[in-house]
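Okay, structure first, notes after.
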Amino acid sequence: MNHVNFIFNAHLPFVRHPEYPKFLEEDWLYEAINESYLPLLRMMFKLKEERIKFSLTFSISPTLCSMLQDSLLMERFESYLNSRLELGNKEIDRLSSDDEARKLAENYVANLNANVDFYTNICNRNILSAFNLLENEGFLEIITTTATHSYLPLYKDFPVAVNSQIEIGALMHSRVFDKQSEGFWLPECGYYPGLEELLVRHNIKWTSLSSQSLFQSNEKVIRGNYAPVKCPNGLYCFARDYNLTSLIWSSSEGYPADPDYREFYRDIGYDLDIEYIRPYIHEPDVRVFTGFKYWAITGKTAEKVLYNPEKADNKAKLHAKHFIKQIINTGKKLQNKIDRDPIYTLSFDAELFGHWWYEGVSWLEYVIREINDSQSICLITPTDYLDKYPDAQTLTPAFSSWGEGGYSQVWLDNSTNAWIAVHTIRSVQRMTELACRFPNQSSLKYRFLTQAARETLLAMASDWPFIIHNKTSEEYAIKRITGHIQNVNLVYDNMCKNAVNTEWLVKAEKRNNIFPFIDYNMFHPSHLEEPSPIYTYNYGEDKAK
Amino acid sequence: MNLVNIDRLSDAEIKYIAKQENLEGYEDLSREELIEALEEIYDEGDVKPANEHNTAKFLKTIVNTDSDVLQFPGVEPLPKNYNVTEIHCILRDYNWAYCFWSISELDMKKLESEGPFRLGLKAYVTDSSEKPYLIDITKNDSSWSIELPWPGKGYYLKLIAQFSGKERILAQSETVISPDPYFQKHSTELRNPDTWDVLVSPLLSNGGETVCTITEEIIKNVRSL
C-alpha cells in the first residue's frame, strides 16, 4: 500500500491596520480566504457529502487563526466579497457581447456567491469552525506551527525565544481547537539538531522536515524519505518527497505551469482602464489583483489565449491521473527494497491551491477521488501512520530548510536582509533581560512588558526577511520589521528609566492585539524548567477564545 | 502647516488628538468638523498649541509621511550599534556562517586611550590541530561571512584588539558546527541501484533537478566513481 501524506501549511503574516479604513496588505488575507481556504473547504465538504474518504493534514498558523477570528478583519473580508461581487456583475455587463469572456465572468461571480453562501451558512462566519468540523469527523488532522512563523535556526542559541514561539503556537492551537496538536509544522521546514528537545516539551509527537534533512544526517538513513525517523528523544520526523512534490512545486516542470491553466499575472486590476477599476483598487490608484483573470498561460509569450475552463479542468484530471501513476510507479520501484509500505510526505503552502494555481483545488479533488478508487494507494495523516507503524529508525536529522539553497541563505542574505537578524537577536536578548530584571509585574508595567513580548515574537516572523529577499512588498516589510524592533527598543529604554509610555502602549495594544493570553514572563530562562501550559489548559470549558 | 494624511486617521485617533489640543466641544463634532478644526489650529500664523511638546509629537505622526502612521509615538530609529560588546555567529549553510558584532562606546574609548591598535576576528576550529586564523577588520565593519572548510567541525570566533605585542579578547561567539553528511564520505554506497532508488530518488525531480547543492555534490561524486 502506498501511503500519501498531504500536509498543507496555511499561513499569512499578521497584518491588521484598524487605523486605516482600507489597507493594501490586508488583501493578502482576503484573497487567500476567497481563492484558497473557502474553495478548499467547499471541495472537502462536497467530498464529505458524497462519502468520499480522505485524510489530509492542515497546519493553520497562529497568526492566521488570529486574523480569522478578528471581527474587524472578517467584517472587512465581507466588504471585500461584496466589492468583488459588484465588480463581477459589472464585468458581466462589460463583456455582454463577448460570449466566452462573459461566461468566465459569470463563473467568477458564481464562485463568489458559493463562497459567500458557504462562509455565511456553513461556517457561520467562522472559517476555523469548518476546519474543526472536518477534523472532528475524521477527515483532517489540524496541527500548529510557531507563534509568528519564525524561522527557528536563526535563534538556535536562544532557546527561551524558540520555546516561546513553540509554546504560543501550541497554546493557540489548544485555545482555538480545544485540543492539543500532535504535529508541528516547522516554518520553512527550518530545523537544527536539538530543536526536538523544545518540541517534545509541548507534547508534540511529530514534525515535517525538508527533503534533504534525513539524507544529509551525520548518520546513515535506511528507508530514505519513505518512512519517518525518530529523534533520540522520541520526536518523529517526516521528510518531504522532492520527486513527487516537484511535479507540482517546480516552476519549470510542475503542473501549474501548463499552458492551458489560468495565467495568474494577467488580471483586470492591471489591464483595464483606471477609471473603470478605480473603486476596486487602492488609493491613490494603486493597482492590485482583483481575481478576475481571463487568460491562459499559453506559453512564454505576451500574446495570451483566452482561458478555457473546460480545457483546464480536463488538464487537471489528466495531471491527477499522471500524479497517481507516478505514485504507483514509485511504489513498484520500492518493492522489496524497504521493509514496509512507503509513505510519501507531500507538503505545500495551502495558498498554492486556488490562489497561485487556480486549478489546484480541482486537481486535488481529482487526486482524492482517484485515490479513493484505488486499491494500492491511501491517504493518511502522520498520526495515523504512526499508529500503524510506531517503529522507526532512530536518527538525528540534519540542519536544513525547504528555502532556496536548502539552508538559511534566504534569511541571512548579505545583500538584502542579514541586517534583520542583528536586530531581532538583540530584541530577543533584551526581552529576556526585561523578564529577568522585572519579573512578575502587574498592572501597567505588566501590560507594557507583555506588549514588548508580542512585538518580539512579531519581529521574529520569517515573512518579512523572505519578502525583502524576494523584493516583493519590500517597503511594507521593512516598515513592519523596523516597527516591531523599534517597539521592543522603546519598552526596553523606558523600563530602564522606570517609565511607561502609555500613549505608545494604547496604540500598540490596539493594533498588534495578537495573543491576548501571552505573558512576558515566558522569556525568563527559568520558564524552560516549568511544564508546558498546554498540560494545564482547561480543555472543554466554554470560554471566549 | 499642511496636515498631510490626517484624513487617514481613524475617528478615535482624530478625537484623541483633538482632546490633546484641548479643542472645546470636540466630542460633539463630526469627523469633517474635527479635521477642519485641527487644520485651523495647525494653520501657519495661527499656531496656538496647548502644549509645544504635544504639538511636535502629533506633527510627527501626522505630517511626516516618511515615518507614516505605521510607527507608534515615541519610537526611535534603529541604532547602528547597540552599545554592547559582543559577537554572534549563525550557520548560514554547510560552508558558510554569518557573523556580526558590536563594540560599546565605552570599550572603544578605552581601546583608543591605550594607543594604536588593530581589530580582528580570530577564527578557531574545535577539536582540530588547525591554528586559528586572523581576519583583519576595521572599526566600521560589523559583519562578515566566515567560510567553514571542514565538515563536522565546530567553529567559533573571538573579537580581538591587537596592540603591539599583545592581544585582548573583547568577545567570543557561539560555536557553530558544520554538518557532516554521512553520504559525503560514503558516496560509494549509493552506487547500489537499490540504495539509489530508496535514498536518492526522492531528492531528484523527474527532470533531474536536485533538492540542494550538497545533495548535488554527493550525486556528482557517485556518478564520477
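Could you look through the range A:276-301, keep only residues that are over 28 Å from the mean Cα position of the chain (by Cα) and charged (D, E, K, R), and pick out the one that is surrounded by the most Cβ atoms within 10 Å (Cβ to Cβ)?
Selected residue: A:ARG278.
Can you name every residue in the range B:68-98 that is of a type outside the set (A, V, I, L, M, F, W, C), at pLDDT below 95 and under 21 Å from A:TYR492 (Cα atoms)?
If the condition is that a residue be of a type outside the set (A, V, I, L, M, F, W, C), at pLDDT below 95 and under 21 Å from A:TYR492 (Cα atoms), then B:GLN71, B:PRO73, B:GLY74, B:GLU76, B:PRO77, B:PRO79, B:LYS80, B:ASN81, B:TYR82, B:ASN83 are the ones that fit.
Please work out which residue is nearest to the chain's Cα centre (by Cα), limiting yourself to the range B:161-195 and to residues that are assigned to a helix (DSSP H, G or I), hydroxyl-bearing (Ser, Thr, Tyr) and more than 9 Å from every other protein chain (Cβ to nearest Cβ). Spell out the reasoning first.
Step one: filter the range B:161-195 for residues assigned to a helix (DSSP H, G or I), giving B:182-185, B:187-191, B:193-195.
Filter once more, so that each one left must be hydroxyl-bearing (Ser, Thr, Tyr): B:182, B:187-188, B:195.
When the remaining residues are screened for being more than 9 Å from every other protein chain (Cβ to nearest Cβ), the result is B:187-188.
Details: B:SER187: 38, B:THR188: 41 Å.
Among residues in the range B:161-195 that are assigned to a helix (DSSP H, G or I), hydroxyl-bearing (Ser, Thr, Tyr) and more than 9 Å from every other protein chain (Cβ to nearest Cβ), the one nearest to the chain's Cα centre (by Cα) is B:SER187.
What residue, among those in the range A:230-255 that are of a type in the set (D, E, K, R) and facing chain B (nearest Cβ under 8 Å), is nearest to A:GLY354 (Cα to Cα)?
Step one: of the range A:230-255, the residues of a type in the set (D, E, K, R) are A:230, A:240-241, A:253.
Now restrict to residues that are facing chain B (nearest Cβ under 8 Å): A:241, A:253.
Values: A:ASP241: 22, A:GLU253: 19 Å.
Restricting to residues being of a type in the set (D, E, K, R) and facing chain B (nearest Cβ under 8 Å), the top hit is A:GLU253.
Check whether at least one residue in the range B:106-113 is more than 23 Å from A:ALA418 (Cα to Cα), in contact (Cβ under 8 Å) with a residue 60 or more places away in the chain and acidic (Asp, Glu), and report yes or no. Before the answer, list the steps.
Here is the first cut: in the range B:106-113, the residues more than 23 Å from A:ALA418 (Cα to Cα) are B:106-113.
Imposing the further condition that a residue be in contact (Cβ under 8 Å) with a residue 60 or more places away in the chain reduces the set to B:107.
Add one more test, that the residue is acidic (Asp, Glu), and what stays is B:107.
The answer is yes, given that some residue of the range B:106-113 is more than 23 Å from A:ALA418 (Cα to Cα), in contact (Cβ under 8 Å) with a residue 60 or more places away in the chain and acidic (Asp, Glu).
With assigned to a helix (DSSP H, G or I), more than 24 Å from B:ASP93 (Cα to Cα) and touching a Gly at 6+ places or on another chain (Cβ under 7 Å) as the only criterion, which of A:THR383, A:THR330 stands out? Reasoning before the result, please.
Numbers: A:THR330 fails: touching a Gly at 6+ places or on another chain (Cβ under 7 Å).
After applying the criteria, what remains is A:THR383.
If you scan the range A:216-242, which residues turn out to be among the aromatic types (Phe, Trp, Tyr) and either touching a His at 6+ places or on another chain (Cβ under 7 Å) or part of a loop (DSSP other than H, G, I, E, B) (or both)?
If we filter the range A:216-242 for residues that are among the aromatic types (Phe, Trp, Tyr), which is where we start, we get A:226, A:236, A:238, A:242.
If the condition is that a residue be among the aromatic types (Phe, Trp, Tyr) and either touching a His at 6+ places or on another chain (Cβ under 7 Å) or part of a loop (DSSP other than H, G, I, E, B) (or both), then A:TYR226 is the only one that fits.
Per-residue answers, yes or no, for (1) within 14 Å of another protein chain (Cβ to nearest Cβ); (2) part of a helix (DSSP H, G or I); (3) within 15 Å of the chain's Cα centre (by Cα); (4) among the aromatic types (Phe, Trp, Tyr):
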| position | (1), (2), (3), (4) |
| --- | --- |
| A:ARG125 | no, no, no, no |
| A:LEU128 | no, yes, yes, no |
| A:GLU135 | no, yes, no, no |
| A:GLY138 | no, no, no, no |
| A:ALA147 | no, no, yes, no |
| A:ASP157 | yes, no, no, no |
| A:ALA161 | yes, yes, no, no |
| A:GLY169 | no, yes, yes, no |
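From the set of residues in the range B:196-210 that are in contact with a helix residue (DSSP H, G or I) (Cβ under 9 Å, 6 or more places away or on another chain) and part of a loop (DSSP other than H, G, I, E, B), which is surrounded by the most Cβ atoms within 10 Å (Cβ to Cβ)?
B:SER205
Is at least one residue of the range A:430-444 at pLDDT below 95, surrounded by 17 or more Cβ atoms within 10 Å (Cβ to Cβ) and not small (Gly, Ala, Ser)?
Yes, some residue in the range A:430-444 is at pLDDT below 95, surrounded by 17 or more Cβ atoms within 10 Å (Cβ to Cβ) and not small (Gly, Ala, Ser).
What single numbered condition from (1) in contact with an Asp or Glu (Cβ under 8 Å, 6 or more places away or on another chain); (2) within 25 Å of A:LYS179 (Cβ to Cβ); (3) crowded, with 17+ Cβ neighbours inside 10 Å fails to hold for A:MET44?
(1)
Of all the residues that make up the range B:135-160, how many are over 24 Å from the mean Cα position of the chain (by Cα) and either among the acidic types (Asp, Glu) or at negative phi (or both)? Let's see the steps before the verdict.
Restricting attention to the range B:135-160, the residues satisfying the condition of being over 24 Å from the mean Cα position of the chain (by Cα) are B:149-153.
After this cut, where a residue has to be either among the acidic types (Asp, Glu) or at negative phi (or both) as well, the list is B:149-151, B:153.
Residues in the range B:135-160 being over 24 Å from the mean Cα position of the chain (by Cα) and either among the acidic types (Asp, Glu) or at negative phi (or both): 4 in total.
Enumerate the pairs (first residue in the range A:406-421 and at the interface with chain B (Cβ under 7 Å from one of its Cβ atoms) and surrounded by 24 or more Cβ atoms within 10 Å (Cβ to Cβ); second residue anywhere and of a type in the set (D, E, K, R) and assigned to a loop (DSSP other than H, G, I, E, B)) with beta-carbon separation below 7 Å, excluding pairs fewer than 6 apart on the same chain, so at least 6 apart or on different chains.
Within 7 Å, the pairs are A:TYR407/B:ARG92; A:TYR407/B:ASP93; A:SER408/B:ARG92; A:SER408/B:ASP93; A:LEU412/B:ARG92.
If you go through the range A:180-196 one residue at a time, how many are under 14 Å from A:GLN165 (Cα atoms) and of a type outside the set (Phe, Trp, Tyr)?
Residues in the range A:180-196 being under 14 Å from A:GLN165 (Cα atoms) and of a type outside the set (Phe, Trp, Tyr): 5 in total.
Residue under question is B:ILE135, and the condition is that it be out of contact with any helix residue (DSSP H, G or I) (no Cβ under 9 Å at 6 or more places or on another chain), within 14 Å of chain A (Cβ to nearest Cβ), β-branched (Val, Ile, Thr) and not in a loop (DSSP other than H, G, I, E, B); does it hold?
Values: out of contact with any helix residue (DSSP H, G or I) (no Cβ under 9 Å at 6 or more places or on another chain): yes; within 14 Å of chain A (Cβ to nearest Cβ): no; β-branched (Val, Ile, Thr): yes; not in a loop (DSSP other than H, G, I, E, B): yes.
Spelling it out, it is not the case that B:ILE135 is out of contact with any helix residue (DSSP H, G or I) (no Cβ under 9 Å at 6 or more places or on another chain), within 14 Å of chain A (Cβ to nearest Cβ), β-branched (Val, Ile, Thr) and not in a loop (DSSP other than H, G, I, E, B).
From the list A:GLY234, A:GLY183, which one is in contact with a helix residue (DSSP H, G or I) (Cβ under 7 Å, 6 or more places away or on another chain), within 30 Å of A:GLN335 (Cα to Cα) and buried (at least 23 other Cβ atoms within 10 Å of the Cβ)? Walk me through how you get there before you give the answer.
Details: A:GLY234 fails: buried (at least 23 other Cβ atoms within 10 Å of the Cβ).
Just a single option satisfies the conditions, and that option is A:GLY183.
Can you work out which of the residues in the range B:88-105 that are among the charged types (D, E, K, R) and out of contact with any strand residue (DSSP E or B) (no Cβ under 6 Å at 6 or more places or on another chain) is surrounded by the fewest Cβ atoms within 10 Å (Cβ to Cβ)?
Restricting attention to the range B:88-105, the residues satisfying the condition of being among the charged types (D, E, K, R) are B:92-93, B:105.
Going one step further and asking which of them are out of contact with any strand residue (DSSP E or B) (no Cβ under 6 Å at 6 or more places or on another chain), we end up with B:93, B:105.
Details: B:ASP93: 22, B:GLU105: 10.
So the residue we want is B:GLU105.
Can you name every residue in the range A:478-512 that is of a type in the set (D, E, K, R), within 9 Å of chain B (Cβ to nearest Cβ) and either surrounded by 19 or more Cβ atoms within 10 Å (Cβ to Cβ) or part of a loop (DSSP other than H, G, I, E, B) (or both)?
First pass over the range A:478-512, keeping only residues of a type in the set (D, E, K, R): A:479-480, A:493, A:497, A:503, A:507, A:509-511.
Pick out the ones that are also within 9 Å of chain B (Cβ to nearest Cβ) and you get A:479-480, A:493, A:503, A:507, A:510-511.
The answer is A:ARG480, A:LYS507.
Select from the range A:14-51 the residues that are part of a loop (DSSP other than H, G, I, E, B) and either away from chain B (no Cβ under 14 Å) or in contact with a Gly (Cβ under 6 Å, 6 or more places away or on another chain) (or both) and write down the one among them that is farthest from A:ASP267 (Cα to Cα). Can you show your working first?
Step one: filter the range A:14-51 for residues part of a loop (DSSP other than H, G, I, E, B), giving A:14-23, A:50-51.
Checking which are either away from chain B (no Cβ under 14 Å) or in contact with a Gly (Cβ under 6 Å, 6 or more places away or on another chain) (or both) leaves us with A:50-51.
Working: A:GLU50: 34, A:ARG51: 37 Å.
Step by step, filter the range A:14-51, then rank; the result is A:ARG51.
When the residues of the range A:513-530 are narrowed to those that are outside any helix (DSSP H, G or I) and either among the basic types (Lys, Arg) or in contact (Cβ under 8 Å) with a residue 40 or more places away in the chain (or both), which ends up nearest to the other protein chains (Cβ to nearest Cβ)?
Of all residues in the range A:513-530, those outside any helix (DSSP H, G or I) come to A:513-519, A:524, A:530.
Retained after the next criterion (residues that are either among the basic types (Lys, Arg) or in contact (Cβ under 8 Å) with a residue 40 or more places away in the chain (or both)): A:513-515, A:517-519, A:524.
On the way: A:ASN513: 13, A:ILE514: 15, A:PHE515: 18, A:PHE517: 22, A:ILE518: 18, A:ASP519: 22, A:HIS524: 20 Å.
If we take residues in the range A:513-530 being outside any helix (DSSP H, G or I) and either among the basic types (Lys, Arg) or in contact (Cβ under 8 Å) with a residue 40 or more places away in the chain (or both), then A:ASN513 is nearest to the other protein chains (Cβ to nearest Cβ).
Can you tell me which of A:ILE222, A:ILE281 is over 20 Å from B:PRO179 (Cβ atoms) and among the aliphatic types (A, V, I, L, M)? Don't jump to the end; show me each part of the working.
Working: A:ILE222 fails: over 20 Å from B:PRO179 (Cβ atoms).
When all the criteria are applied, what remains is A:ILE281.
Out of A:HIS173, A:HIS202, I need the residue that is within 27 Å of A:PHE523 (Cβ to Cβ), part of a loop (DSSP other than H, G, I, E, B) and away from chain B (no Cβ under 13 Å). Which one? Working first, answer last.
Values: A:HIS173 fails: part of a loop (DSSP other than H, G, I, E, B).
Among A:HIS173, A:HIS202, only A:HIS202 is within 27 Å of A:PHE523 (Cβ to Cβ), part of a loop (DSSP other than H, G, I, E, B) and away from chain B (no Cβ under 13 Å).
Restrict the check to the range A:283-292 and report whether at least one residue is assigned to a helix (DSSP H, G or I), of a type in the set (S, T, N, Q), in contact with a Leu (Cβ under 9 Å, 6 or more places away or on another chain) and on the phi < 0 side of the Ramachandran plot.
Of the residues in the range A:283-292, the ones assigned to a helix (DSSP H, G or I) are none.
Checked against the condition, which is being assigned to a helix (DSSP H, G or I), of a type in the set (S, T, N, Q), in contact with a Leu (Cβ under 9 Å, 6 or more places away or on another chain) and on the phi < 0 side of the Ramachandran plot, the range A:283-292 yields no hits at all.
Can you confirm whether A:SER97 is farther than 21 Å from A:ARG175 by Cβ, free of Cβ contacts under 8 Å to residues at least 60 places away in the same chain and of a type in the set (Ser, Thr, Tyr)?
Working: farther than 21 Å from A:ARG175 by Cβ: yes; free of Cβ contacts under 8 Å to residues at least 60 places away in the same chain: yes; of a type in the set (Ser, Thr, Tyr): yes.
It is true that A:SER97 is farther than 21 Å from A:ARG175 by Cβ, free of Cβ contacts under 8 Å to residues at least 60 places away in the same chain and of a type in the set (Ser, Thr, Tyr).
Consider B:SER142 carefully, then state whether it is without any contact (Cβ under 8 Å) to a residue 60 or more places away in the chain, of a type in the set (Ser, Thr, Tyr) and over 30 Å from A:ARG16 (Cα atoms).
It is false that B:SER142 is without any contact (Cβ under 8 Å) to a residue 60 or more places away in the chain, of a type in the set (Ser, Thr, Tyr) and over 30 Å from A:ARG16 (Cα atoms).
The values are calculated or read from the model by the stated rules, or taken from the named source; none is laboratory data. Quick caveat, the model's predicted, so the values are computed rather than measured. A quick note on method: Cβ atoms are made from the backbone with ideal geometry, for glycine too, and the neighbour counts reach across all protein chains shown.
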